[in-house]
Each structure stands twice: as structure tokens, then as C-alpha cells.
1. Could you check, for segment 270-285, whether at least one of its residues is assigned by TED's automatic domain parsing to the domain that holds Ala344, at pLDDT below 95 and of a type in the set (Gly, Ala, Ser)?
2. Scan Trp484, Trp462 and give me the residue that is out of contact with any Leu (no Cβ under 6 Å at 6 or more places or on another chain), in a helix (DSSP H, G or I), at negative phi and among the aromatic types (Phe, Trp, Tyr).
3. Please go through segment 435-456 and give me each residue that is of a type in the set (A, V, I, L, M) and outside any loop (DSSP other than H, G, I, E, B), ordered by number.
4. Which of the residues belonging to segment 301-327 are out of contact with any strand residue (DSSP E or B) (no Cβ under 6 Å at 6 or more places or on another chain) and either crowded, with 21+ Cβ neighbours inside 10 Å or closer than 20 Å to Leu443 by Cα (or both)?
5. When the residues of segment 25-47 are filtered to those that are of a type in the set (Val, Ile, Thr) and crowded, with 21+ Cβ neighbours inside 10 Å, which remaining residue is farthest from Thr101 (Cα to Cα)?
6. Quick check: is even one residue across segment 111-120 in a strand (DSSP E or B), surrounded by fewer than 17 Cβ atoms within 10 Å (Cβ to Cβ) and not aliphatic (A, V, I, L, M)?
7. If Ala488 meets every condition in (1) touching a residue at least 40 places away in the same chain (Cβ under 8 Å); (2) crowded, with 19+ Cβ neighbours inside 10 Å apart from one, which number is that one?
8. Go through segment 354-367 and give me each residue that's over 16 Å from Gly297 (Cα atoms) and either small (Gly, Ala, Ser) or more than 32 Å from the chain's Cα centre (by Cα) (or both).
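The values are calculated or read from the model by the stated rules, or taken from the named source; none is laboratory data. Treat the numbers as computed from the prediction; the structure is a model and nothing was measured. Every residue, glycine as well, gets a Cβ built from its backbone with ideal geometry; the counts of neighbours run over all protein chains shown.
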Amino acid sequence: MRYILFFLLSFVLLPAQAIEVGQTYRIASKKFPTKSLFVQDSKREAGTDIVLWTETDVPSQQWKLTSGGSATNFALQNIYTALYAAPQSKTAGSKLTTIATRSAGRLSIEAIDEAQGIYRISTIDKSLCLTAPADADGEAPVWRTADPGDEAQQWRFEAVEAKGKFTAAMRDEMMQAYLHEHLHTIGNSYRTFYNGGWGEAEQLEVLLDAYEATQQDTYLAAARQVYAYFKTNVGDDWTKGGSNGYNWFGYDFNDDVMWQIIAVARLGRLTGQKVYTIAAKKNFDRIYTRAYIPFTGLLRWAEQSGDRYGTNSCINGPAEVAACYLGMSGCGEEYFEKARDLYAAQRRHLANNMATGKVWDNVVWDPSTERVKSKNEWASTYNQGTMLGAACLLYLHYGEGQYLSDARKIMSYTKAELCDSYGIIRVCQDESNGDLCGFKGILMRYVRRFVLDLEQTTYKEWMLRNAFHAYCNRSAKGLTGTGWLKKATDDSTTSAFGCSTAASAAVNAPLEQPTDDPSAVLSPSSSSLSRPSGGPSYYTLSGIPLSAAPPHGAYIIRQNATARVAISTAF
């Protein structure tokens, strides 16, 4: 399998000609033609500096020319932010910034060499000018006394196709760049991201997300090879360590194992091969047996690290999701029951009975009194995401309103408290933060389930906005890390795990899906199916219940959250 990296000059350039109102342009320095005007960090706030940045073909580097009232009087509107370019002030040396109103952003744009698309951007007596040396990303042009002969005051306008919304092409660009940089081939049979750790399991899930979103078999094939490399170095019992230098800490951290269980259970469902499901089930049973703390109803986080009577959301949320996937894979109703019981205990001890939708991080018990002796109420995208996922899957199985209500509260809290005023996730911005740099990708995966499976479409725009912002802040290599509020640089340390979060945001963004196979016809009885109490959630086209997941590629009828029926491929 070969991944295609979309290179720097992948944008579409139109022939040089006189500038036209309504056309979108890349505005590059004549002196440094690979750099163009960019809204710093793609910020949506008015008053943001406009700087020079290596061209990355993103909408925050695209400008629509609008009329300013005369032949040479125009306004430049940014495609991504919809804000206008204007001088920060009337004084020499002031910067170019964004403003909200077109009338205050009128600029004179005069041809110097129209055939080459070279123009001067000016106000009454000052022109937009580079500052020396102008060879580093992030330099802010300033206003200087007009001098038409000064090359530093000359700008090349290149017509481009406007990128006004997040698209499947952008999703694929982000995913391919991430894989090109971080997915490594070992021999003919294996692939790995960074040779182990729970982040490897999480990135395996990103491949599965990409497959679900695109149905491209190359992603599924890569996922199978990543798991094969894991299995070669860890074996069948995931509660032990790795070999041959493979980083695996299953002997200690129960949550690490649970993440691999989720990924492999999903792999079994997507391939229809029971060998994956069996492996996931065996290791779930091992973890459940060794980690369960009876008087708490919850699972222990670690066997050697921390307090043996300490538990947290980062083991219990994933365990609930894993148990649901096993139940959905035909492993028995008992797994749904385990998920339900763990969820109820987490809800009580780690979410204050879901009073606000905030999921707490951890609690520690005193075994002599069986009472909580300490707790940490910190909330993270990791914990919000996994409990959201558990609520969605339990609602789909049991149909109880509490789960839907909880899911809505979790999302409401997440958007209000973990995002900025524009809805962009503001936490986990530091690539060097170890485990934290991978948290946001987990949230995006389960928000997709919330939006699609529970039909909570009001959050679709929120997901698309985060994916679009991550796209706008990608580097010239096409990479965005976990800190997608800031523009990624090619010389920054961007980890595979950190990059997986932006890839997750991209592939999980709920784009419009193609119409289902028109040859598939529902039988009259199947259009009015009702969910049997405790029964299966999936049916064949003839309305016959399935006790397990349908085979890979089969069409199924799935009841959604409003008891209507939808046709789709097996997920």
C-alpha cells in the first residue's frame, strides 16, 4: 500500500490576469514567493495579526477580493475567518490585522506588472511592506511610506479555488500526510507507529475510523498489519510486557490493555473474523478478573503504579465501551450487563450522578472503611469521550432515556468548558505532554457516534469546525499535532500520537455520506421494526434478527435512537 502525500503546491493556480472582484487569491511576497499572507494561527478574533507563512494551501491563506467603491479601491476578505484585512492603525510601522467590517478595510490595490500579477497594496500614503529578513514564518508585514519601486512592497496575486468548508478531500489529505510521516513498514507483514504503548492501540483505532468513514480497504489492511506486529511482540496474553524492544505495559496498566481490547474488538467486527473477537474477549476477562474492586463496583487503574484501591475514569470508561463491543459481537448479554454496572458505578462515584455532565478523573478508597478518601475532579477530553461513548452504546442497546440524557450533558459540558468561544477544543495543546497529547482524538471518535447513531445533529457543525481548524493550521508537510489552535511548523516536534488527534478529528468529521445501494430494497415488514426488549439491534434486509454483527460488507437495517430504521453497511 502506498500513501500519497499532498505536496506544498497542490493548490490550483489560475492564469495570471487583472484582479477581479469576487475572485479568491493567494497573496504572496514577490521577494519570497513561497510565503503568503496568513491569518496568524487561523484565529477567528478580529484584531489578529496577518503574517507571512510558507504556503500550505489552506483557507486562512486565501483572500476574496471585494469591491471598495472605485476602480482601485478594494477589500480583502479571508475565506476561513470571513474577516477583512486592514491596517492596525494609520501610523507607519503598524501591522496588518483582521477586522469585522468591510468599510473599514478599504485598500488601494494598484498594478505594477499586471501580466505577472504583481500589485502594490496601500492606504493613502503607505504601502504594505516586508520587514527584513522575511525568511522566517510568522513575520508580520508593516505599513511604510509608499515606494512603487521597492520589491519589498510588491505582492503577487495568484487566483486559487476557494476552500469554504471542510471536505472529504481535506480529510484524505490530513490522513495521508499523517500516515506518510508516522506509519512505518517493517518487512512485508508488519506496520507500526512508534513501536508500542497505549498510543499504538489508539492509533490503530484511527485506522479503523478512517476505514469506517471511507470504506477504503487500504486502511483496514494497515490496521491488521499494526495488530499483527503487536501480537508478534506481545503474544496472546496482553496483561504482560512486550518483547524485542516493543513498549507494552500490560503487566501494570489495566487501561492500556483495555484500549487494545477496544481496537481489536472493532477489528473483529469490521473484518467479520472471529479470531480478533476471541482475543479481545479473553483479555477483557483477564483484566476484569484482576482489576475489579468489589465494594466499589469499579476497576483498578494499575497493578503496580499508584494506590491499589485507586480507580479512575480512564479505565472504567474504556472498559464499558469494550464490553459493549463484545456484547455487540455475539459474546453474550453478560458483557452488556458488565458495561451497565461499571457505568452506573462510574456515574455515581466519578460523575456526581451526572449532575452537570462533568466526568471526574479519579478516586481513591480507604479499604478499611470502604469510603472515598481522596478524589480528583479534573475533566479531560479522554474521560468525557469514553463515558460519552459508553452512554451512546448503552442507549443503543437498552433504549433507556438516562443514557441519552447523560450523553447530551457530557457533550454540553465538553463544549462549554473545554472549548474556546468559537467551539474549538482549547485543552491538550502541548505536544510534549506525554499521554495528554493523544486525548482529543478519543473524544472526536465518540462524538461521531453521538452525532450519527443518536442523531444529535446539532453537534455536526461543531465537529466539522474543529476538523477545519486543524486543517487550516497544518504544516507544509500536511501535519497537524494536538495543538491545533496554533499553526504547526515543520521544525517542531510533532509526535505520532499528537498527530493522531487531528487525523481523528478529520476522519470522524460527519461529512455527507453517499446514497446507500439503490438495489437494496426493504421488505414491507422491515420498515416498521420495533426493538425487542433486550434483543438484538441488527436485522437482515428481510427483517430477520442477527445475534451478532453482520459479516463485513453486508447491508443491515439498524434501529436508530428515534426507533426509525436506517440501511447502512456493517460498521
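1. Going through segment 270-285, the residues assigned by TED's automatic domain parsing to the domain that holds Ala344 turn out to be 270-285.
Then keep just the ones that are at pLDDT below 95; that gives none.
Within segment 270-285 (the criterion being assigned by TED's automatic domain parsing to the domain that holds Ala344, at pLDDT below 95 and of a type in the set (Gly, Ala, Ser)), the answer is no, since none of the residues qualifies.
2. Only one candidate qualifies: Trp462.
3. Leu436, Ile442, Leu443, Met444, Val447, Val451, Leu452
4. Answer for segment 301-327, where residues must be out of contact with any strand residue (DSSP E or B) (no Cβ under 6 Å at 6 or more places or on another chain) and either crowded, with 21+ Cβ neighbours inside 10 Å or closer than 20 Å to Leu443 by Cα (or both): Ser313, Cys314, Gly317, Pro318, Glu320, Val321, Ala322, Ala323, Cys324, Tyr325, Leu326, Gly327.
5. Only one residue fits best here, namely Ile27.
6. The answer is yes, given that some residue of segment 111-120 is in a strand (DSSP E or B), surrounded by fewer than 17 Cβ atoms within 10 Å (Cβ to Cβ) and not aliphatic (A, V, I, L, M).
7. Result: Ala488 fails condition (1) only.
8. Scanning segment 354-367 gives Ala355, Gly357.
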